[in-house]
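One structure is given here, and the rest of the page talks about it.
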Amino acid sequence: MKEQRQAIIDMIDFDRSRKINLLAMSTGRTLQRVPPEAARQARHMQNVPARWPFQWPNLIIELNQQTQDYDPHGWLPSDEVPTAERLRDALERGRVAQP
């Protein structure tokens, strides 16, 4: 399941990058190239293993705001559906657990 979630996050990142690039190209201006080191640093931040558990609930919350009929087979148990309250609780538990 973790790999599936990461794949979805990667696809969303790719789609957002595509939109940004198309918008930039649509201006007709000469594009500024990102320095290779800056691109490597940005990519490294996108690959942090602890990133997906925080991003996944937000994606589900965003999806729930648009539609709620995307889960016709009930693959996500109702007690695991991310909500703003559950996300806040998880963040609070994380703060308490840190020394």
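For this structure, a couple of remarks:
- When residues of the stretch 52-69 are limited to those that are modelled with pLDDT under 70 and farther than 16 Å from Gln4 by Cα, the one surrounded by the fewest Cβ atoms within 10 Å (Cβ to Cβ): Asp69
- The sole residue among Arg33, Arg88, Arg29, Arg18 that is surrounded by fewer than 11 Cβ atoms within 10 Å (Cβ to Cβ) and at pLDDT below 85 is Arg88.
The values are calculated or read from the model by the stated rules, or taken from the named source; none is laboratory data. This one's a predicted model, so the numbers in the text were calculated from it and none came from an experiment. Here Cβ is always computed from backbone atoms with ideal geometry, including for glycine, and neighbour counts include all displayed protein chains.
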